[in-house]
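Let me begin by presenting the structure, written as structure tokens, before commenting on it.
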Amino acid sequence: MEEIELTYLAKELPPDIKNSPHKEILDIYMPNASGHSTLRIRKAGEKYEITKKEPIRGNDSSHQLESTISLTAEEFRELSRLEGLRVKKKRYYYQENGTNYEVDIFQDGLSGLVLVDVEFDSLEKKGNFMPPEWCLAEVTQEKFIAGGMLCGKIKYADIEPQLRKFGYKKINE
């Protein structure tokens, strides 16, 4: 399946976000390497899956080929014993003016980081999209912000210099 999306740093939490549905997510990226891992196992609420994401053209993160397989809780438990880089977040499913947003509020060491994903069903819709005021900067092509790279960061300070370039300020939940 092709995925067409844009990723933004949040300027602030969207209005009334806490009333939106959400899930707690645990991502484990493999292999446990210093580069950008493309294989991920995920627990999102009571849903389990393994996903591989790869750019369709070069390094264009906004247009990727995504292959996902559902897992049972037992399969996830077994696979989660493997070494991998972990990241926890709360994902809010927020809607505003007919647009659906996935707002990821990172937990533990990355607390203070909030990313916003917007998925599109066509390149034309992506090209015409105007982000809301609560989005700070588009970071889709920034490698340091990709899940496979973030999972290796132990604390917010590990990414703070890159975030500062965008004028990002830590957001408290």
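Every read-out reported here was derived from the displayed coordinates using simple, explicitly stated rules and does not represent laboratory data. From a predicted model like this one, the values you see are computed outputs, not experimental measurements. Here Cβ is always computed from backbone atoms with ideal geometry, including for glycine, and neighbour counts include all displayed protein chains.
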**OP:** Amide H neighbours of Tyr48 under 5 Å, at least 5 residues apart or on other chains, H built in the peptide plane: list them.
**Re:** Leu71
**OP:** Pick out which of Gly112, Gly45, Gly127 has the largest mean-square fluctuation in a Gaussian network model of the chain, springs linking Cα atoms closer than 10 Å.
**Re:** Gly127
Subject >> Cβ-placed point charges (K, R +1; D, E -1), dipole of the chain about Cα centre in debye, nearest 20 >> reply: 620
Original post:
Gaussian network model of the chain, Cα springs within a sub-10 Å range: biggest mean-square fluctuation belongs to which of Thr140, Thr72, Thr38?
Top reply: Thr72
**OP:** Would you order Ile4, Ile145 from fewest to most other beta-carbon atoms within 10 Å of each residue's own beta-carbon?
**Re:** Ile4, Ile145
Subject >> Order of Arg164, Arg42 under a 10 Å beta carbon neighbour criterion, fewest first >> reply: Arg164, Arg42
Subject >> Of Lys126/Lys170; Lys53/Lys165; Lys18/Lys89; Lys18/Lys165, pairs whose Cα-Cα distance is over 25 Å >> reply: Lys126/Lys170; Lys53/Lys165; Lys18/Lys165
